[in-house]
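The values are calculated or read from the model by the stated rules, or taken from the named source; none is laboratory data. Everything numeric in this text was worked out from a predicted model, so none of it was measured. FYI the Cβ positions are ideal-geometry reconstructions off the backbone, even for glycines, and counts take in every protein chain you see. Keep in mind that these areas ignore ligands, DNA and RNA; they rest on the heavy atoms of the full protein, side chains included. Shrake-Rupley method; radii C 1.70, N 1.55, O 1.52, S 1.80 Å.
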Amino acid sequence: MSSIPDGGSVPAPGAVLLDAAVTTRCRRRVHLEHDPAAGRAVGATGVEGAGQIVLPEPDPGVEMRVADAAEHRAQLAARFAADLVDAYRRVPDGRRSERVEATRALLADPAVRAVGAAELPPDEGRRGHAELLVRAGGDDAGWYPVIVVRHRVTDPGTGALTSPLDRPHPSSLTVDPDRKPRAVSRDVLRLAHLHRMLAAAGLGARRAWGGVVGLDADCVVWTDLAAGPGQEAGRSPLDTYDRRFADRLAVATAARTGGPALAEPSRITECRRCPWWPVCESELRRADDVSLVVRGEDALRLRGRGITTVRSLAALDPRQGLPAPTEDGDEQVGGELTADLREAVALARAWRADVPLVRRVRRPEVPRGAVEVDVDMESLGEDGAYLWGVLLSGVDVGLDHGYRGFVTWDPVPTRDEARSFAAFWAWLTDVRRRAAERGLSFRSYCYNEQAENRWLRGSVERFAGEPGIPAAAEVEAFIASDEWIDLFPAVSTSFLCPHGKGLKRVAPSAGFGWRDPEAGGENSMRWYRRAVGLDGEPPEPAMRDRLLIYNEDDVRATHALRTWMTSDAVLAVPHLDDLRPDPGEPGAPQDRVSAAACAAPRPCG
Ligand code: SF4
């Protein structure tokens with residue numbers, strides 16, 4: 001855990017300056033980032049001074065993505081410099097104020113047509129930078145913003161407005177015959193932010209165009225920010241931006257100046273990766289907030305009907321439906337739930353009784369095979385998949401049962417990954433062939449196939465032609481076959497999980513425990529860096545062993561979970577109809593089993 005300074009003195013409130021990211025960020029997070037008395041961690045907030053809450057260290061996965069994005073931007077800057085030659089100037093590195101001055105000077109030079117790494121003058125509560133500004137030209141003295149991002153900004157199709165990288169200007173755009181735009185809200189809102197900043201500085205172009213260069217780095221994709229519809233129905237991107245920015249500025253200003261908070265915590269999807277979760281979680285738990293079990297819009301809707309706590313949700317009788325909206329609840333917050341009310345109530349009861357899983361079905365189903373393989377892959381960001389772990393079980397096909405890992409300890413990215421992937425694929429293919437020759441059914445399993453499929457496809461693509469690398473069609477056929485099973489949807493279908501559906505949350509109900517008490521995705525990235533000496537230190541063999549044990553346990557956890565789900569032991573998990581309100585709550589039948597009574601697993605199938 002990172003350390004924080006003592007509470008000490010709280011600084012005088014300063015001017016609020018927000019970057020574009022606030023427009024897609026949780027409102028409570030904007031509040032916390034500007035509340036001088038809130039807990040603080042490196043990277044979590046720019047506010048000096050701190051409370052007493054210790055926030056977790058930054059996720060190493062996030063740090064790596066930041067580093068990868070910086071590398072991507074550097075490559076594009078070099079490309080612009082090479083393509084645009086004398087028309088291009090780059091703002092030198094330095095303090096923000098120095099970069100602002102350098103940007104101003106370059107924009108005032110009539111010989112300069114494009115400015116890289118531009119830092120715009122802060123104004124009207126905004127600060128921001130653009131990877132590139134291009135001069136509008138003609139009668140227009142203004143500039144268009146271009147940003148560089150490390151995700152895809154088009155899909156196959158037609159209709160994107162693109163210009164070549166060596167002509168990054170709307171005057172060169174055409175309707176692309178091979179790409180359709182993939183609208184990414186945060187990109188469009190960042191362009192709107194930059195457009196407003198340029199306008200405030202008297203540097204805006206008449207037309208509100210903005211460009212994005214994405215992961216493929218093969219063109220600029222242009223958006224007319226004033227054209228509707230934008231990110232919200234009926235609004236142009238600029239309208240959406242203006243509305244959101246004004247809201248976030250009000251939230252931040254209230255927090256900075258000690259005014260009444262304009263945003264309260266409520267659990268949403270973003271909480272999973274938010275550095276402020278320890279702060280918000282303690283507040284939500286103290287309040288027994290209903291979003292602990294029903295997040296997002298559904299929590300808002302329940303509040304709009306007067307159900308603000310987990311306790312009040314648990315006490316509802318789902319057969320009676322939701323109470324009427326409260327008088328001050330507006331139409332949206334008083335609307336119907338997207339979640340099934342019966343399940344929402346069961347989740348609340350399970351939460352209160354500390355029941356880790358609730359059965360949604362009478363008997364879970366997972367396809368089984370005579371020969372079975374559990375698979376788990378370890379990767380480092382976008383750099384490569386360094387370990388494919390497998391566990392063979394079922395009928396003997398002449399190969400050793402148990403775990404084995406196909407691994408490369410050359411730091412990724414490395415061509416040696418082709419060798420380890422080819423060895424994994426050859427082994428898997430051999431098992432399938434042996435099962436088929438014996439007339440035995442075969443199944444292989446993973447937990448949440450997204451990552452495995454991404455690297456199955458990615459390995460074939462990157463290492464095409466290397467020894468043992470299969471054809472893409474062969475891998476696609478395997479992914480599409482009923483021999484490759486993702487256990488995650490089966491868990492989602494079978495259970496309500498008040499504390500999440502991650503393997504580490506769910507597998508303990510099957511009696512599985514990880515040998516390493518610190519096992520987890522983030523830690524595995526730290527261990528990998530030490531295992532291969534990524535930070536300049538000698539490689540640590542002990543970290544390699546630790547990663548292999550971690551991977552083996554993940555594979556064994558998948559095996560334990562699915563065999564448990566297809567055994568009678570799973571029937572000890574309470575069914576959602578078995579959970580009742582706590583005794584003493586309104587509507588709690590005293591002769592029926594309560595949620596508390598279900599805390600201990602019992603057969604109820
Ligand atoms: S933990 Fe959730 S509610 Fe709290 S600031 Fe982060 S995203 Fe917002």
> List the pairs whose first member sits in the stretch 117-131 and is free of Cβ contacts under 8 Å to residues at least 40 places away in the same chain and farther than 23 Å from V251 by Cβ, whose second member is open to solvent by less than 10 Å² (accessible area, probe 1.4 Å) and in a strand (DSSP E or B), and whose Cβ atoms are under 7 Å apart, counting only residues at least 6 apart or on separate chains?
Replying inline: A118/A130; A118/L133
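In the stretch 125-139, what residues are over 13 Å from P170 (Cα atoms) and more than 31 Å from the chain's Cα centre (by Cα)? Walk me through it before giving the result.
The initial filter retains those residues of the stretch 125-139 that are over 13 Å from P170 (Cα atoms), namely 125-132, 139.
The one that is over 13 Å from P170 (Cα atoms) and more than 31 Å from the chain's Cα centre (by Cα): D139.
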>> For P539, only one of the following conditions fails: (1) of a type outside the set (D, E); (2) surrounded by fewer than 16 Cβ atoms within 10 Å (Cβ to Cβ); (3) under 27 Å from the mean Cα position of the chain (by Cα); (4) not in a helix (DSSP H, G or I). What is its number?
In response: (3)
> Out of all the residues in the stretch 281-296, is one or more surrounded by fewer than 19 Cβ atoms within 10 Å (Cβ to Cβ) and away from the ligand (no atom under 16 Å from the Cβ)?
Replying inline: no
> For the stretch 365-384, how many residues are open to solvent by less than 10 Å² (accessible area, probe 1.4 Å) and under 23 Å from the mean Cα position of the chain (by Cα)?
Replying inline: 3
>> Considering only residues that are within 11 Å of the ligand (Cβ to nearest atom) and either modelled with pLDDT under 85 or in a helix (DSSP H, G or I) (or both), which ones fall in the stretch 1-38?
In response: R27, R28, R29, V30, H31, L32, E33, A38
> If a residue has to be of a type in the set (S, T, N, Q) and surrounded by fewer than 19 Cβ atoms within 10 Å (Cβ to Cβ) to count, how many in the stretch 111-162 make the cut?
Replying inline: 1
>> Which pairs turn up if I take residues in the stretch 507-519 that are closer than 11 Å to D553 by Cα and look for partners that are part of a helix (DSSP H, G or I) and open to solvent by 50 Å² or more (accessible area, probe 1.4 Å) with beta carbon separation below 8 Å, at least 6 apart in sequence or on another chain?
In response: F512/R556; W514/K504; R515/I549; D516/R546; D516/I549; A519/K504
> Of the residues A67, A41, which single one is surrounded by fewer than 15 Cβ atoms within 10 Å (Cβ to Cβ) and at pLDDT below 90?
Replying inline: A67
> Can you tell me which residues in the stretch 452-501 are loosely packed, with under 13 Cβ neighbours inside 10 Å, touching a residue at least 40 places away in the same chain (Cβ under 8 Å) and outside any loop (DSSP other than H, G, I, E, B)?
Replying inline: T493
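Counting only residues that are crowded, with 17+ Cβ neighbours inside 10 Å and not acidic (D, E), which one in the stretch 297-307 is farthest from the ligand (Cβ to nearest atom)? Full working, then the answer.
Residues of the stretch 297-307 that are crowded, with 17+ Cβ neighbours inside 10 Å, as a first pass: 298-305, 307.
Right, trim to not acidic (D, E) and you get 299-305, 307.
On the way: A299: 11, L300: 13, R301: 17, L302: 16, R303: 14, G304: 18, R305: 21, I307: 19 Å.
Selected residue: R305.
Mind listing just one residue for me: the one in the stretch 248-279 that is part of a helix (DSSP H, G or I) and in contact with a helix residue (DSSP H, G or I) (Cβ under 7 Å, 6 or more places away or on another chain) and, of those, most open to solvent (accessible area, probe 1.4 Å)?
Start the filter on the stretch 248-279 by keeping residues that are part of a helix (DSSP H, G or I), which leaves 248-256, 269-273, 277-279.
Restricting the remaining residues to those that are in contact with a helix residue (DSSP H, G or I) (Cβ under 7 Å, 6 or more places away or on another chain) gives 248, 251-252, 255-256, 271, 277, 279.
Working: R248: 27, V251: 0, A252: 0, A255: 6, R256: 40, C271: 23, W277: 63, V279: 9 Å².
Only one residue tops the list, namely W277.
Residues to consider are G389, G468; find the one that is of a type outside the set (V, I, T), touching a strand residue (DSSP E or B) at 6+ places or on another chain (Cβ under 9 Å) and at pLDDT 95 or above.
Working: G468 fails: touching a strand residue (DSSP E or B) at 6+ places or on another chain (Cβ under 9 Å).
That would be G389, the only listed residue that is of a type outside the set (V, I, T), touching a strand residue (DSSP E or B) at 6+ places or on another chain (Cβ under 9 Å) and at pLDDT 95 or above.
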